[in-house]
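Asker: There's a structure below that I have some questions on.
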Amino acid sequence: MTENGFDTSCGASSGARILVIEDEDTITEFLKTGLKYEGYQVTIAKDGVTGVDCAREMEPDLIILDIMLPDKDGFEVCRRIRRRDSDVPILMLTAKKEISDKVKGLDVGADDYLTKPFSFEELLARIRALLRRSGRAVDSTELRVVDIVLNTETREVYKGGKKVSLTPTEFSLLELFMRHPRRVFTRETLLNRIWGYDYAGDTNIVDVHISHLRDKIGDKPPCLIRTHYGVGYAFYPGEGK
Amino acid sequence: MWKKLSLRTRLTILYAGLLALLLTILGVTFFIDTRNLLIENTASHIRATAKPIIEHWLYGENLSSQAIEGTKKKPDSKYLKKISRQLARDLTSRNVVAIVLDKNGKVIANGKVLEEEPAPVSPNPFYYRRAFSGENEVTYILSTDNKNVLVLLIPLRSAPGSDHVLGVVQLSSPLTPVERILYRHGLTLAVGTLITLILGTALGLLLISSALSELRHMIATCQSITEGRMDQRVHLPQRSDEVGQLAQAFNRMVERLEASFSAQRRFVASAAHELRTPLTALRGSLEVLMRGAQDDPATVAHLCHGMYREVLRLSKLCEELLDLAKLEISENVQKEKVVLKEFVNEFEEQARVLSQEREISILEGPSVSLKADPNMLKQILFDLLQNAIQHTGRNDRIALGWKLGDNGVDIWVEDNGHGILAEDLPHIFEPFYQGKKVSECGEHHKGSGLGLTLVKAMVEAHGGSIEVRSEVNRGTTFLIKLPFE
């Protein structure tokens, strides 16, 4: 997965609970904001002891664990958590690029690791992969809204039982809308999320693709995809018919 | 050209040259000596043979039997003329030919009769006059036609020991036999010298090679170190000569270099690590903003605030890294006269602002002045004070003072805060060292990890040193020893 790749499975309506054990304020803040925005429930623990306690009390679906903690190192925390809960996926954050650290992390029971500085998008992808693997709070691969069925694995879309052929961009747009019903996306956000952070073109391209998408899924007023003038677009499944 | 030759070749050439010179001098001396000895020997042999014959003819029975008129039984020139032929003949042999000269230098008799007898050489007036005036041992060598002839002159006296010289006998003998011996001798010497020289040079080459083989080993080691294998060392059998000392000095140097390289590597690794955290926060925050958080003003403000903090942290880290790099160059220390009392008084007010509610006391020492960079000195005190503030509670005490030390001033900064763990104490001046925290100081303060490293570097740039004493829950004392100059 590249930073600017078309990560289409954007977010989790599942509301998986994530425990972040990290002492750097700025990092916990953006993780909290970002993960919440993606639909996860986030709890922050600022040191190892609190982290172990939180892990016991809240039984999270996934733990993000920093190796460098003020009171004890992440390996020890990881070992302690594993002693109680053998299942919970643990994603380690390391600052060192040395292989020994990664190997050690995986040895003490971490399921995956990311090296700082990491891409948030990659973190999301790892979280989804870990959640899927662990069988907890799985993102559904089939999204159904009214008579539209979208399969994220086969990347096929059916409208009233008939297959609709979409371009990758249109597919990504539709998936994003279906995963976040009623959320208003500005054109800038859509550009960043679908076209990539470094896309420097005009936001009009969003309007063009939305218009094509509407045509293909036969979106007639009152529309599923509605325009909020001066703001952006949102998806309203309930009032579709 | 000479300088381009290898040390081994040069040493061998020098060694061989010296050997050749010595052998030549020795050979030539020996040769000349032998020649002189042989000639002298020949000369004295000829004289010894001639003496009885001359005495026989001059003072023997002959004189009495052929007594001339008068009663004096003393030979005179007439008598000499009479006997000269027989005398010369008797003195002549296969190797020696004799001629008799009268007092005018005229040849009055020639002993050569037979073909195989050598021809006499013509008399040299310079020599025979000397003989005529009574000198007994006149001997010289005459070189003619590539032949050397030994010439001996014997004065003929009227009576043994008398000053009256009647004539002179000139005995001449070719030096051919002596020269044959000398030629053999010379040949033996030359061949011997040559053999000795060749053997000596070979041996010298061997010795020099073995002495230099360790140098070549060191060259090979140097090359492999140049290729980046810093763990290489010169392994030599224990020896205390210059090569051994060189090897030891070399090993020490490489060890020092390796240590400083790995310190540098560790430093860079730690610095990179320190950069990662703010970069992670910045990158993550930006991504979260771009993924949609940008649409919520409250979140934007929140994340921006955090990002700004991280940027400040990065800037501070950059500045301190630059300061540290600058300190490596001692010219950056601009020393001037600092009167300590005035200096600390100026500093006091800022210190009070910084220390907030903490009690800060200045304990003035003797009035001294020293040569220091005032900006750096201020920075040192400021950093130590900052450090003390970080490790004390709001109602703790901080004290600053100075006293005279050995050949300088000892400035101390003391607090009664949390103290530093004994296991952390040796490492606190290391860059980015994060000690185990004794207790949380309430406000979560994190420095760049370079503050004390910078303080130590600044003190050392002044030629001073810094010491730290600490006891957990009792407090910490930093002691800076600065020289006067």
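Asker: Can you tell me how much longer the chain between B:H427 and B:D76 gets when fully stretched, taken as 0.36 nm per residue apart minus their C-alpha distance, in nm with one decimal?
Answerer: Residue separation times 0.36 nm, minus the Cα-Cα distance, leaves 114.3 nm.
Asker: Structure shown: which of B:K316/B:K341; A:K116/B:K326; B:K316/B:K481; A:K36/A:K72 lie over 32 Å apart, alpha-carbon to alpha-carbon?
Answerer: none
Asker: Report, largest value first, the span of the C-alpha coordinates of the protein assembly as shown along each principal axis, in whole Å.
Answerer: Rounded to whole Å, the extents work out to 188, 81, 50 Å.
Asker: For the range B:256-414, with the dipole built from +1 on Lys and Arg beta-carbon atoms and -1 on Asp and Glu ones, taken about the Cα centre, which of B:V300, B:L289, B:N395 lies farthest toward the positive end?
Answerer: About the Cα centre, the residue reaching furthest to the positive side is B:L289.
Asker: Counting DSSP beta bridges with both partners in chain A, what percentage is antiparallel, nearest 5?
Answerer: 50
Asker: Only Lys, Arg, Asp and Glu count, each charged at its Cβ (+1, +1, -1, -1), so figure out the dipole size of the range B:239-300 about its Cα centre, rounded to 20 debye.
Answerer: 140
Asker: Also, I was wondering about something else. For B:Q379 and B:R397, compute 0.36 nm times the residue count separating them, minus their Cα-Cα distance, and round to one decimal in nm.
Answerer: 4.4 nm
Asker: What is the gain in length, in nm to one decimal, between B:S465 and B:Q245 on full extension, counting 0.36 nm per residue of separation less the C-alpha to C-alpha distance?
Answerer: Answer, rounded to one decimal: 76.1 nm.
Asker: Looking only at other chains, what is the average number of their beta-carbon atoms within 10 angstrom of each beta-carbon in B:273-279?
Answerer: Mean partner-chain Cβ count within 10 Å for B:273-279: 5.
Asker: Using a Förster distance of 22 Å, how high is the FRET efficiency between A:R144 and A:K216, based on the Cβ-Cβ distance and rounded to 0.05?
Answerer: After rounding to 0.05, the efficiency reads 0.80.
Asker: Averaged over its residues, how many other protein chain Cβ atoms are within 10 Å of peptide A:31-40's Cβ atoms?
Answerer: 4
Asker: OK, next. If I model a spin label as a point 7 Å beyond the Cα along the Cα-Cβ vector, how far apart are those points for B:Q238 and B:S122 in nm?
Answerer: Inter-label distance under the simple model: 8.4 nm.
Asker: Can you give the FRET efficiency to the nearest 0.05 for B:N136 and B:I25, using r as the Cβ-Cβ distance and R₀ = 35 Å?
Answerer: 0.50
Asker: Kindly identify the range A:17-134 as rounded, prolate or oblate by the Cα gyration tensor criterion: order the square roots of the eigenvalues as a ≥ b ≥ c, call it rounded if a/c is under 1.5, otherwise compare a/b with b/c, prolate if a/b is larger, else oblate.
Answerer: Since a/c stays below 1.5, the shape of the range A:17-134 is classed as rounded.
Asker: Per DSSP H run of n ≥ 4, the term is -39500 (n - 2.57); total these for chain A, divide by its residue number, and report the mean residue ellipticity at 222 nm rounded to 500 deg cm²/dmol.
Answerer: The helix contribution divided over chain A gives -11000 deg cm²/dmol.
Asker: Next up: At B:A202 and B:E40, where each label point lies 7 Å from the Cα along Cα→Cβ, what is the point-to-point distance in nanometres?
Answerer: The two pseudo-label positions are separated by 3.9 nm.
Asker: Another question, if that's okay. Near B:K337, which aspartates and glutamates are there with a Cα under 17 Å away, not counting those fewer than 8 places off in the same chain?
Answerer: In chain and number order, the partners are B:E346, B:D373, B:D410, B:E485.
Asker: Efficiency by 1/(1 + (r/R0)^6): what FRET value for B:A263 and B:R216, r their Cβ-Cβ distance, R0 = 41 Å, to the nearest 0.05?
Answerer: Rounded to the nearest 0.05, the efficiency is 0.80.
Asker: Here's something else I'd like to know. Roughly how many debye, to the nearest 20, is the charge dipole of the protein assembly as shown about its Cα centre, given +1 on each Lys and Arg Cβ, -1 on each Asp and Glu Cβ, and no other charges?
Answerer: 4240
Asker: Continuing with this model, one more query. Would you calculate the separation in nanometres between label points at A:R155 and B:M230, each defined as 7 Å from the Cα along the Cα-to-beta-carbon direction?
Answerer: 4.9
Quick note: the coordinates plus some simple rules give every number you see, no bench work behind them. From a predicted model like this one, the values you see are computed outputs, not experimental measurements. Counting neighbours? That spans all protein chains shown, and the Cβs are built from the backbone with ideal geometry, glycine included.
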